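K.L.:
Encoded as structure tokens, here's the structure I'll be asking about.
The values are calculated or read from the model by the stated rules, or taken from the named source; none is laboratory data. The shown structure was predicted, so the numbers you read here are calculated from the model rather than taken from an experiment. Please note: Cβ atoms are built from the backbone with ideal geometry, for glycine as well, and neighbour counts cover all protein chains shown.
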Amino acid sequence: MLLYNGQLHPDDHFALPLPNRGLYFNDGFFETMVWANGTLRYLPQHWQRLQAAAAALGFILPPPLASAPALAATIGHFVQQHAQYAPTAAARVRLQLWRGGGGLYAPTTSQPDWLVTLQPFAEHSAPISRAAFAHSVRVTASPVSFCKGPNALTYVLAAREREQRHLPEVLLLSGTGHVAEAVAAAVAWIRNNTIYCPALSTGCVLGTRLGHLRQVARQLRVDWQEGLFTPDELLAAEAVFTANVAGIRAVQQVEGVAFQSEQHPLLVRLRGAEAAAG
């Protein structure tokens, strides 16, 4: 089953109507979330990004998505229709929104269509053995670079480079040469008991898991610095890690520089505090 504009449909008999501005012009965005233990993980962070993306594109969110509680209730009701995810199994939730109506580049409405689909969730927190900086693409800041979807082709090309170079991960730089993010995760690093991460002005996606970790770090009274950092500054770190809804992954090597990331006391402490906080 899938959920389209608030209505349940069998996924094997469903077709999206045309015209579709998401298909034609990429006029939309998506959120990837995890439903577990009766709630959406990192709901405040997802809602912040979803709301900001809707505002940037001029969307008027429909009532089932118009607040954090409404979003959680909508997803929760949908998950309950799938016996395989109730009551304890976790689900990977994809919420896709695109502008309704037709037209050419100029939109004719602010009302979005929306679609929710589910997949089994698999945590992915194993260490990344090797990473390198991407050669073929860089990210660019824009009014919509913080959300998922509008710049998806950049990450497709980065993932293609990752495969061609036989690397477990590549790290993307901004147009000005600053560290931005991994292919499908935020990146951060530790040095002198401080956690560093790229600023949104690099063009990186606003990471929901990283935002949650920042809250945890604040509770631990750990210094957190966001800014514009060069590759050399990352390579001078004591530990490097990536973070997304699937997991926190310690990076063991970048451009031949080795790190003891998995065992770093601050990363161990951060992971433990996040797990304890639920």
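K.L.:
When you look at Trp35, is it within 26 Å of Pro150 (Cα to Cα), under 17 Å from the mean Cα position of the chain (by Cα), of a type in the set (Phe, Trp, Tyr) and assigned to a helix (DSSP H, G or I), yes or no?
P.N.:
no
K.L.:
Please pick out the residue among Ala243, Ala237 that is in contact with a Lys or Arg (Cβ under 8 Å, 6 or more places away or on another chain), under 18 Å from Tyr196 (Cβ atoms) and not in a strand (DSSP E or B).
P.N.:
On the way: Ala243 fails: not in a strand (DSSP E or B).
It is Ala237.
K.L.:
Name the one entry in Arg160, Arg209, Arg249, Arg221 that is more than 25 Å from Gln48 (Cα to Cα), basic (Lys, Arg) and either in a loop (DSSP other than H, G, I, E, B) or outside the structural domain of Leu43 (by TED's automatic domain parsing) (or both).
P.N.:
Arg160
K.L.:
Identify, please: which residue in region 99-148 is of a type in the set (Lys, Arg) and farther than 16 Å from Phe25 by Cβ and is, among those, farthest from the chain's Cα centre (by Cα)? Steps first, please.
P.N.:
First pass over region 99-148, keeping only residues of a type in the set (Lys, Arg): 99, 130, 138, 148.
Add one more test, that the residue is farther than 16 Å from Phe25 by Cβ, and what stays is 130, 138, 148.
Working: Arg130: 21, Arg138: 18, Lys148: 7 Å.
Here the answer is Arg130.
K.L.:
Out of contact with any Phe, Trp or Tyr (no Cβ under 7 Å at 6 or more places or on another chain) and among the aromatic types (Phe, Trp, Tyr), is that true of Phe25?
P.N.:
The answer is no for Phe25.
K.L.:
Can you tell me which residues in region 94-118 are more than 17 Å from Gln7 (Cβ to Cβ) and either assigned by TED's automatic domain parsing to the domain that holds Gln263 or aliphatic (A, V, I, L, M) (or both)?
P.N.:
Once the filter is applied, which keeps residues that are more than 17 Å from Gln7 (Cβ to Cβ) and either assigned by TED's automatic domain parsing to the domain that holds Gln263 or aliphatic (A, V, I, L, M) (or both), region 94-118 yields Leu104, Ala106.
K.L.:
Within region 11-24, does at least one residue satisfy the condition of being in contact (Cβ under 8 Å) with a residue 60 or more places away in the chain, closer than 24 Å to Pro150 by Cα, part of a loop (DSSP other than H, G, I, E, B) and basic (Lys, Arg)?
P.N.:
No, region 11-24 contains no residue that is in contact (Cβ under 8 Å) with a residue 60 or more places away in the chain, closer than 24 Å to Pro150 by Cα, part of a loop (DSSP other than H, G, I, E, B) and basic (Lys, Arg).
Rundown of residues vs (1) within 18 Å of Ser129 (Cα to Cα); (2) of a type outside the set (Gly, Ala, Ser); (3) touching a helix residue (DSSP H, G or I) at 6+ places or on another chain (Cβ under 8 Å); (4) surrounded by fewer than 22 Cβ atoms within 10 Å (Cβ to Cβ), yes/no style:
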{"position": "Leu171", "(1), (2), (3), (4)": "yes, yes, yes, no"}
{"position": "Ala184", "(1), (2), (3), (4)": "yes, no, yes, yes"}
{"position": "Ile190", "(1), (2), (3), (4)": "yes, yes, yes, yes"}
{"position": "Thr194", "(1), (2), (3), (4)": "no, yes, no, yes"}
{"position": "Gly203", "(1), (2), (3), (4)": "no, no, no, no"}
{"position": "Thr208", "(1), (2), (3), (4)": "no, yes, yes, no"}
{"position": "Leu213", "(1), (2), (3), (4)": "no, yes, yes, no"}
{"position": "Arg218", "(1), (2), (3), (4)": "no, yes, no, yes"}
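K.L.:
Give the residue, chosen from Ser136, Ser145, Ser110, that is assigned to a loop (DSSP other than H, G, I, E, B) and either in contact with an Asp or Glu (Cβ under 6 Å, 6 or more places away or on another chain) or among the aromatic types (Phe, Trp, Tyr) (or both).
P.N.:
Every option except Ser136 fails the conditions.
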